[in-house]
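For reference, the structure is listed below as structure tokens.
The values are calculated or read from the model by the stated rules, or taken from the named source; none is laboratory data. Note that the coordinates shown come from a computational prediction; the quantities given were computed from them, not determined experimentally. Backbone-built Cβ (ideal geometry, glycine too); neighbour counts: all protein chains shown. Ligands, DNA and RNA are excluded from the accessible area calculation, which covers all protein heavy atoms including side chains. Shrake-Rupley method; radii C 1.70, N 1.55, O 1.52, S 1.80 Å.
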Amino acid sequence: MKKTLLLLSLVLTALQGTAQEFDNLPTPVEEKVIDNTPDSIAKALMNRPAPGSTRQGQNPVLFLIGNSTMRNGTMGNGNNGQWGWGYFASDFFDGRKISVENQALGGMSTRNFYTDLWPAIRQALKPGDWVIVSIGHNDKADFFDAKRARGVIDGVAEDTMIVGFNERKQIPDTVYSYGHYLRCYIRDIRQAGANPILMSLTPRDARDERGLIIRKPQTQWASYIAATEGVPFVDLNELSGRKLDSYSLWKQKYHFYGDHIHTSAFGARLNARSAAEGLYYSSNPLLKPLQEMMVNVTLPAYGENRQQGKPMVFITGDSTVKNKDSEEDGMWGWGSQAGLIFDPNKITWENVAMAGRSTKSYLREGRWEKVYNALQPGDFVLIQFGHNDICPINDKKGRGVIPGTADTCHVYQMEADGSYEMAYSFGWYLKKFIDDVREKGATPILLSLTPRNEWPNGRIERRNDTYGRWYREVVEQTGVAFVDIHNISGDFLDKKFASKDAEKSKARASKYFNHDHTHSSKLGAQMNARSLAKGLRDIHSPLAAYLRK
């Protein structure tokens, strides 16, 4: 935490005195992790739904049973920078048919969840309900200590037990095996006429000697119990572990936050999707009724106009890249003019930019995910953001990022809906996009933002000390190909319109802009598209081979 604040302080100090007020950041939410052990359970219980309270009419409920990897923090809403995957599980179920109720709680093991929390859930179960049991991260602990008393015996043996005195509850107690407690959940669920599902645990940020994510031993135990009891089993540990193994080490690590077990929103979403995919694509016939209530499992993707044998160029960005692009005298993004520079006989392209977006909001809205899912080896991605990034971080638009390129982040509460969100630096988002593209075997190309129709001292405004410096820092850190449209177009405008009279220069250049000092006319969009072509040739980019002659 201290290191993160120091990095942020250095970034802000370096930016003092620049044209924009980059240091006007809101106060982050305190990043305090609360482990909901029994001594804080009363407070935590107030923030979990009462068992069965989300039921809609006669619809079934899907109950989630787990620990902090499924529901994190006292509030369970990410205000500590950590999210459990249960927070996002409802994204994959049709709320008109079934409600998802996250009954998990941090600090719980199979044993103390069963003794302390399970009775109320068991009472709420109705025939046709579903229960996912994915718990075990805290099971290897003391058996009878005064603070937690949550440990269980390794394995699945039914006739293994340890008798002792539970210091926490001040009663004689018996501890059984991991498998024993799973059998207890299954028995109770079936007695209520509901449907049990076992899942292995979420992966930890821990690697073996080969550099692969370590798989947890509870997987074999849960799989065995599922097989012998005739219960559907989803190997969440393997599904998510395999995805993490395919990522760069840098990407693996930002799926966790604060430690090596609890997930960021990225990690929680990954685990929620893995759980959904494991259920939806299972061939177990017992899951068919649940599968019929699932949604959004198929990966969303752009690329509908892909042509066999041709690579694709995905063009990402904001309104300077994609605008209304329809009225001759209206506002145009340069992506609409891609046909002026790219040869359609050699390559296809898709302009997936969106007006008003920043790196953060483009990612949050799932637009980047659709680019990522569509990528194939040999494709190209043009990445151009900046105009909307240095904005308020937590206002209703929620598109602002932290200035700079440091790998820093903070939690903020968003004004739009009161939710909590992690904001990273401008450069961090660019590095994520670059890393994602390379992971898919495609080529990222970073573009600087388009110039504005501002003419200090009679020459076009250059933002090389802020955005330009950040772009170049990202280039230095990643080695990404870089086309400096900002200065290529700026040089063109200066050559045509620079003068000692700033207002005269601005007025003469206005035919390249429309409505304001940022958005392009069709002529300006064509200028920026040609600047891209020039820049690609200047850096000898492989994409230059697909330009028109």
Next on the checklist: Condition (residue is among the aliphatic types (A, V, I, L, M) and in a loop (DSSP other than H, G, I, E, B)) applied to segment 69-77: is it met by at least one residue?
Outcome noted: yes
Checklist entry - Within segment 427-451, can you find the residues that are assigned to a helix (DSSP H, G or I) and touching an Asp or Glu at 6+ places or on another chain (Cβ under 7 Å)? => result GLY427, TRP428
Item to check | Search result, residues across segment 118-142 that are part of a loop (DSSP other than H, G, I, E, B) and surrounded by fewer than 19 Cβ atoms within 10 Å (Cβ to Cβ) | outcome: LYS126, PRO127, GLY128, LYS140, ALA141, ASP142
Checklist entry - Which pairs do you get when a residue that is closer than 16 Å to ASP259 by Cα and free of Cβ contacts under 8 Å to residues at least 60 places away in the same chain, found in segment 72-83, comes within reach of a residue that is assigned to a loop (DSSP other than H, G, I, E, B) and open to solvent by 10 Å² or more (accessible area, probe 1.4 Å), reach meaning Cβ atoms under 6 angstrom, with the pair 6+ apart or on two chains? => result GLY73/ILE34
Item to check | Residue list for segment 294-324, filter: surrounded by fewer than 18 Cβ atoms within 10 Å (Cβ to Cβ) and more than 24 Å from the chain's Cα centre (by Cα) | outcome: ASN305, ARG306, GLN307, GLN308, GLY309, LYS310, LYS324
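Tell me yes or no: at least one residue of segment 339-351 is at pLDDT below 95 and either in a loop (DSSP other than H, G, I, E, B) or within 29 Å of PHE88 (Cβ to Cβ) (or both).
no
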Checklist entry - Within segment 400-420, can you find the residues that are in contact (Cβ under 8 Å) with a residue 40 or more places away in the chain, open to solvent by 40 Å² or more (accessible area, probe 1.4 Å) and in a loop (DSSP other than H, G, I, E, B)? => result ASP407
Checklist entry - Do you know which residues across segment 103-115 are within 27 Å of the chain's Cα centre (by Cα) and crowded, with 24+ Cβ neighbours inside 10 Å? => result GLN103, ALA104, LEU105, GLY106, MET108
Checklist entry - Has segment 250-259 got at least one residue that is touching a residue at least 60 places away in the same chain (Cβ under 8 Å) and at positive phi? => result yes
Next on the checklist: Would you confirm, using the coordinates I've provided, whether LYS251 is of a type in the set (Lys, Arg), farther than 16 Å from ILE214 by Cβ, open to solvent by less than 10 Å² (accessible area, probe 1.4 Å) and out of contact with any strand residue (DSSP E or B) (no Cβ under 8 Å at 6 or more places or on another chain)?
Outcome noted: yes
Checklist entry - If you take the residues in segment 509-525 that are open to solvent by less than 60 Å² (accessible area, probe 1.4 Å) and in a helix (DSSP H, G or I), which one is farthest from GLY330 (Cα to Cα)? => result ALA509
Item to check | So LYS97, is it within 35 Å of the chain's Cα centre (by Cα), farther than 30 Å from VAL411 by Cβ and open to solvent by 30 Å² or more (accessible area, probe 1.4 Å) | outcome: yes
Checklist entry - Any idea how many residues of segment 75-94 are buried (at least 22 other Cβ atoms within 10 Å of the Cβ) and hydrophobic (A, V, I, L, M, F, W, C)? => result 3
Item to check | Residue that is nearest to GLU439 (Cα to Cα), among those in segment 478-495 that are surrounded by fewer than 21 Cβ atoms within 10 Å (Cβ to Cβ) and free of Cβ contacts under 8 Å to residues at least 40 places away in the same chain | outcome: GLY479
Checklist entry - Looking at ALA498, ALA544, which is the one that is open to solvent by 10 Å² or more (accessible area, probe 1.4 Å), in contact (Cβ under 8 Å) with a residue 40 or more places away in the chain and of a type in the set (A, V, I, L, M)? => result ALA498
Checklist outcome for this item: If we ask which residues in segment 203-251 are under 19 Å from the mean Cα position of the chain (by Cα) and either closer than 20 Å to TRP130 by Cα or at pLDDT below 95 (or both), their number turns out to be 1
Checklist outcome for this item: Note on segment 146-157: residues open to solvent by 10 Å² or more (accessible area, probe 1.4 Å), in contact with a Lys or Arg (Cβ under 7 Å, 6 or more places away or on another chain) and more than 21 Å from ARG204 (Cβ to Cβ) are ALA146, LYS147
Next on the checklist: I'd like to check something: does segment 160-181 contain any residue that is open to solvent by less than 40 Å² (accessible area, probe 1.4 Å), under 22 Å from the mean Cα position of the chain (by Cα) and either at pLDDT below 95 or farther than 18 Å from THR115 by Cα (or both)?
Outcome noted: no
Checklist outcome for this item: Those residues of segment 78-107 that are more than 25 Å from LEU299 (Cβ to Cβ) and outside any loop (DSSP other than H, G, I, E, B) come to a total of 1
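Condition check ((1) at pLDDT 95 or above; (2) out of contact with any Gly (no Cβ under 6 Å at 6 or more places or on another chain); (3) over 14 Å from ILE189 (Cβ atoms)) across all residues:
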site	(1), (2), (3)
LEU45	no, yes, yes
ALA50	no, yes, yes
ASN79	no, yes, yes
TRP85	yes, yes, yes
ARG122	yes, yes, no
Item to check | Counted residues, segment 189-218 - those being open to solvent by 10 Å² or more (accessible area, probe 1.4 Å) and part of a helix (DSSP H, G or I) | outcome: 3
Checklist entry - Does ASP435 meet the test of being among the acidic types (Asp, Glu), open to solvent by 10 Å² or more (accessible area, probe 1.4 Å) and within 21 Å of GLY400 (Cβ to Cβ)? => result no
Checklist entry - Name the pairs whose Cβ atoms lie under 7 Å apart, with the first residue in segment 90-114 and over 30 Å from ALA141 (Cβ atoms) and at pLDDT 95 or above, the second assigned to a loop (DSSP other than H, G, I, E, B) and among the charged types (D, E, K, R), and 6 or more positions between them or separate chains? => result SER99/ARG55
